[in-house]
Amino acid sequence: MSEPTAVIAALIPVTERVAGIELPPFTLAHWLALEAINHPLTKGEVPEKFVDIVRAVALCSIPGKDARRLAADPRALESAVDELAERIPPHAVRDLAEAMARQVARAFDSAIRTKAPEGESPSA
């Protein structure tokens, strides 16, 4: 039986706002954009460099389809990173990294799993 809070979390996506930057709910398209740039998050690593955190925020603060396009254009991505870095005070980098981690965790943790009736396979 699912906990009511898990069900609510899955149905009502959370948008976080840190240092004036909005981080919408994390999607598979965001993950694919991060994979395209070989980001540490996609390898289960915690980004240690500020630039890696800012890259993730640059990609994950826009709609997923736009993030995929941006990830495919290294010059445009670095330009977006530079612009975003101008807006982020150094003391907010840790908060942004933590918000990103929460968004990724929510995306993967809030999936509602159901048990298929006996003899049937679970639906995708």
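The values are calculated or read from the model by the stated rules, or taken from the named source; none is laboratory data. Since this is a predicted model, take the numbers as computed values, not measurements. Cβ coordinates were reconstructed from backbone atoms using ideal geometry, including for glycine residues, and neighbour counts include every protein chain displayed.
Pairs, please: C-beta under 7 Å, at least 6 apart or cross-chain, first residue free of Cβ contacts under 8 Å to residues at least 24 places away in the same chain and within 19 Å of residue 33 (Cα to Cα) and in the range 73-88, second of a type in the set (A, V, I, L, M, F, W, C) and surrounded by 11 or more Cβ atoms within 10 Å (Cβ to Cβ)?
Here the result reads 76/70; 80/58; 80/70, each pair linking the range 73-88 to a residue that is of a type in the set (A, V, I, L, M, F, W, C) and surrounded by 11 or more Cβ atoms within 10 Å (Cβ to Cβ).
If I ask for residues that are in a loop (DSSP other than H, G, I, E, B) and of a type in the set (D, E, K, R), which ones from the range 15-55 would you list?
45, 48, 49, listed by residue number.
For the range 33-46, which positions are under 13 Å from the mean Cα position of the chain (by Cα) and either hydroxyl-bearing (Ser, Thr, Tyr) or buried (at least 16 other Cβ atoms within 10 Å of the Cβ) (or both)?
Result: 33, 34, 39, 40, 41, 42.
Out of everything in the range 56-67 that is touching a residue at least 24 places away in the same chain (Cβ under 8 Å) and not in a helix (DSSP H, G or I), what residue ends up being surrounded by the fewest Cβ atoms within 10 Å (Cβ to Cβ)?
63
Collect the residues in the range 68-106 that are among the small types (Gly, Ala, Ser) and assigned to a loop (DSSP other than H, G, I, E, B), keeping them in residue-number order.
Within the range 68-106, just 72 meets the criteria.
Does the range 71-79 contain any residue that is buried (at least 19 other Cβ atoms within 10 Å of the Cβ), of a type outside the set (S, T, N, Q), over 14 Å from residue 20 (Cα atoms) and modelled with pLDDT of 90 or more?
Taking every residue of the range 71-79 in turn, at least one turns out to be buried (at least 19 other Cβ atoms within 10 Å of the Cβ), of a type outside the set (S, T, N, Q), over 14 Å from residue 20 (Cα atoms) and modelled with pLDDT of 90 or more.
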